[in-house]
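What follows is a short report on a single structure.
The values are calculated or read from the model by the stated rules, or taken from the named source; none is laboratory data. The shown structure was predicted, so the numbers you read here are calculated from the model rather than taken from an experiment. FYI the Cβ positions are ideal-geometry reconstructions off the backbone, even for glycines, and counts take in every protein chain you see. Heavy atoms of the whole protein, side chains included, go into the accessibility calculation; ligands, DNA and RNA do not. Shrake-Rupley method; radii C 1.70, N 1.55, O 1.52, S 1.80 Å.
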Amino acid sequence: GMLADDESTRALIVEAGALPLLVALLRAGTEEGKASAADAIGMLANDPSTLTLIVEAGALPLLVALLRIGTGDGKTNAADAISWLANDESACALIVEAGALSLLVALLR
């Protein structure tokens, strides 16, 4: 998480191959692991150059699943990551198609 919070290391983290590992953790990790992976992906998504890579890696449906059935931290971190992914115009349609909007609104209630 904290390394991904540093703007200068985000691209290095992706180049080192961490993204598929984070997606795998989102898919099959513990609840704490999923929440941490969503947090790291959200931080990586702060870099516009990583947005498409994150979507292409298959993170979006897993983040939506975490929004649906995750712990409180998992849902919060997934919502944050999805909000950063929404900065990519092509990802917006995918976010809507994945059913994230109603889940995001439910978090506000």
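Say we join alpha carbon atoms closer than 10 Å with springs in a Gaussian network model of the chain; which of Ala65, Ala78, Ala93 then has the biggest fluctuation? Among Ala65, Ala78, Ala93, the largest GNM mean-square fluctuation belongs to Ala93. When the solvent-accessible area of the chain is split by element, carbon and sulfur atoms take up 59 percent of it, the probe being 1.4 Å. How much FRET efficiency would the formula 1/(1 + (r/R0)^6) give for Glu15 and Ser90, where r is the Cβ-Cβ distance and R0 is 25 Å, rounded to 0.05? With R0 = 25 Å, the Cβ-Cβ based efficiency is 0.70. For Glu31 and Glu7, the FRET efficiency from 1/(1 + (r/R0)^6), where r spans their Cβ atoms and R0 equals 25 Å, is about 0.30. The simple spin-label model puts a point 7 Å past each Cα toward its Cβ; for Ser83 and Ile69 those points are separated by 2.6 nm. Using a probe of 1.4 angstrom and keeping all protein chains present, the accessible surface of the range 1-94 works out to 50 square angstrom per residue.
Over 14 Å, how big is the tail of the calculated P(r) for the range 1-55, in percent of all Cα pairs?
Percentage above 14 Å: 45.
Springs join every pair of Cα atoms under 10 Å in this Gaussian network model of the chain, and among Thr71, Thr52, Thr30 the largest mean-square fluctuation is at Thr30. Size descriptor for the chain, Kirkwood hydrodynamic radius: 13.3 Å (Cα pairs only, one decimal).
Helical runs (DSSP H, four residues minimum) scored at -39500 (n - 2.57) apiece and divided by the length of the chain put the mean residue ellipticity at 222 nm at -21500 deg cm²/dmol. Taking the chain as a Gaussian network, where each spring joins two C-alpha atoms under 10 Å apart, which residue of Asn87, Asn77, Asn46 fluctuates the most? With Cα springs under 10 Å in the chain, the top fluctuation among Asn87, Asn77, Asn46 is at Asn87.
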